[in-house]
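Just so you know, all these numbers are worked out from the coordinates, no wet-lab data involved. Remember, it's a predicted structure, so these values are computed and weren't measured experimentally. Glycine also receives a Cβ, built like all others from the backbone with ideal geometry; neighbour counts cover every protein chain displayed.
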Amino acid sequence: MKKILALCMVAMLSVGLFAGCGSSNDDKPASTDENQQQGTTDNTDDDTDADDSQDTTDDSESNGQKVLKLVEKSDIPSLNSSIATDQVSFLVLGNIVEGLYTTDENHVPVPGVATDYQLSEDGKTYTFNLRQDSVWTNGDPVTAHDFVYAIRRLGDPNTKSQYQAMVKFAGLKNYAGVMDGSLSPEELGVKAEDDYTLVFELEFPVPYFISLMCFQSFCPLNQTYVEAQGEAFGTTHDTTLYNGPYVLEDWEKEYGWKFVKNDTYWDKDNVDIDIVEYRVVKEYNTRLNMYLNNEIDRVALRGEDVTTYKDDPNVSRNLEASMFYLELNQAANIILTNQKARKAMALVIDKSYIENTVLNDGSVAADYLVPKGLATSPIDGSDFREDAFDYNELDVETGKQLWAEAKEELGLDSYEMEILTTDTDTAKKLTEYVTSQLEDNLEGLDIIINQQPWKNKLDLVDNKDFEVAFSGWGPDYLDPTTFLELFYSESGHNRSSYKSSDYDKIIEDSMIGELTNKVDERWEALLEGERILLEEDAALIPIYQRGRTRLTQPYVKNMNFHLIGCDYTFKFVTYEK
């Protein structure tokens, strides 16, 4: 997502919590160690990522091959790029299917299947020239027709993609009619002039368009192959087709999978790692012990271990653009329909304890939705967070007062509420802490914690079958709207039933309306949009912006996290043991 992050102008998601890029549970569609994110919905669990590597042998180099062994905390929900929404799916897709562009170590879009592009003077026509040596693993060439088919399929309402709105965010001609079914997908503003010339016609200029082309939803699909597989497409490694630097092998559900270097990839000579092996391992202590026993190449640290290993020469620390928050489904519980009650909940959670004790991994407490380091002002180059405010900062007494007023307005003395989260240990610790803060400070509130496997959690949230969900999101492109659009009333990612006409107008004007050509006014409008969402309506409760502290074996080089698109592209990783 810029990576579901500019994801170029703009988000990966979702986390056990994320489902964006967003990330992702909490999704490129982000994950709290255990909250998964998507959005890569960092979408996403907090520790879910390629950061945790596991090597079950003492030597990662076997039979002359360079083998990197990693762990994830959840399985792959889908390899169908038209419907994938979470961080893990995007991680895999980003390494096995190559789109027009990908991102380098500086989060800058660089050519993939495309060699270059031309932009018309009015900013509304992009013409991409494609390389002629990119091929699918069945021997077919990758052509402009593969991109046309994939993008039409994405916009087709019959596909039921949560990322259908990407055709709108890209400004593609006739997107509205195609999305509502009044026009056929063939009338969408994308066409193949010939096998290797792809043209996009836009209804308005989109400043982050090239970064969108890094996002996995815009990857090509071989129509003949996809239709031959039917509903089985993307459900196993044998029903998936590849054109990226790696192919997927040995995918065993809930156990693991393997990336193997693709011998038909056009740039295979510049791919250093031969095999990347993943195992699904949820326990943090197990991963740490593997590293300490020299069985693991990389591990994400948390809690006291961050302090213990802070002086280790192989430690690294960075703040990512993934956000974790409580999603409040206003249609599921009467207490959540009351603005005072929602605001009270936001005011009584001491997030500094999460930052300094529960996680202690570089994550920072957040009273905001648009993360630090994501987007810069077209006016003076300042970060969005420098121009915006923090909202609903800790104020327990005011929170208690608003809660009492909310109970009186609703006519009830006690309330029961369920918080949905994933089944990892970090997700459990985070949710238990948040629950204790809410129950201790808000009289009469009784909370039930519902822990589910990552995929189950995603399904429940997507179906709006929850009251409160600990969720996360990673950016899909480099722009504040990669987060703010999540709460637009017509967004496929709006699971909270939130609706505000003022907020909707800001999002519409900024993404498809008059502000697309007025960059300074657009920036100010987006600042106001975040204020309405958090301060005025308390539509969600931000908890933290994810940071990572990791130990990495010194022979693993260039394993750089991407802001948008998939978290890591192993094509750029080198192994120098």
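Annotation: the antiparallel percentage among DSSP beta bridges lying fully within the chain is about 75.
Is there a pair in Lys168/Lys518; Lys69/Lys577; Lys282/Lys557 whose C-alpha atoms are over 22 Å apart, and which pairs would that be? With Cα atoms farther than 22 Å apart: Lys282/Lys557.
Bridging of Lys372 to lysines at a Cα separation below 19 Å is possible for Lys2, Lys3, Lys28, Lys351, once same-chain residues fewer than 8 apart are set aside.
Normalised radius of gyration (Cα atoms, divided by 2.2 N^0.38 Å) for the chain: 0.91. Candidates Ala331, Tyr117, Ser134 compared by Cα position along the dipole of the chain: farthest toward the positive end lies Ser134, with charges placed on Cβ. Annotation for Thr197 and Glu536: the two label points, set 7 Å from Cα along the Cα-Cβ direction, are 4.8 nm apart. Protection proxy ranking for 408-415, 160-167, 391-398, using the average of other Cβ atoms within 10 Å per residue and placing the highest first: 160-167, 391-398, 408-415. The amide H of Lys66, built 1.01 Å from its N in the peptide plane, has Asp274, Ile275 as neighbours under 5 Å, considering only residues 5 or more places off or on other chains. Checking every one of the trypsin sites (Lys or Arg not before Pro) in the range 241-297 against DSSP loop status and a limit of 15 other Cβ atoms within 10 Å picks out Lys253. Place a point 7 Å from the Cα of Lys268 along the Cα-to-Cβ direction; which residues of the range 103-145 have their backbone N under 17 Å from it? Only 132-142 pass the distance filter. Model label points for Glu508 and Glu416, set 7 angstrom from Cα along the Cα-to-Cβ axis, are 4.0 nm apart. Candidates Thr143, Val364, Thr307 compared by Cα position along the dipole of the chain: farthest toward the positive end lies Thr143, with charges placed on Cβ. Multiplying the residue separation of Gln223 and Asn517 by 0.36 nm and removing their Cα-Cα distance gives an extension gain of 102.3 nm. Assuming charge only on the beta carbon of Lys and Arg (+1) and of Asp and Glu (-1), the dipole of the chain about its Cα centre is about 640 debye to the nearest 20.
Other residues within the sphere of radius under 12 Å centred on the Cβ of Ala406, judged by their own Cβ, net out at 0 (K and R +1, D and E -1). Counting DSSP beta bridges in the range 149-298, what percent are antiparallel, to the nearest 5? Restricted to the range 149-298, the bridges split so that about 100 percent are antiparallel.
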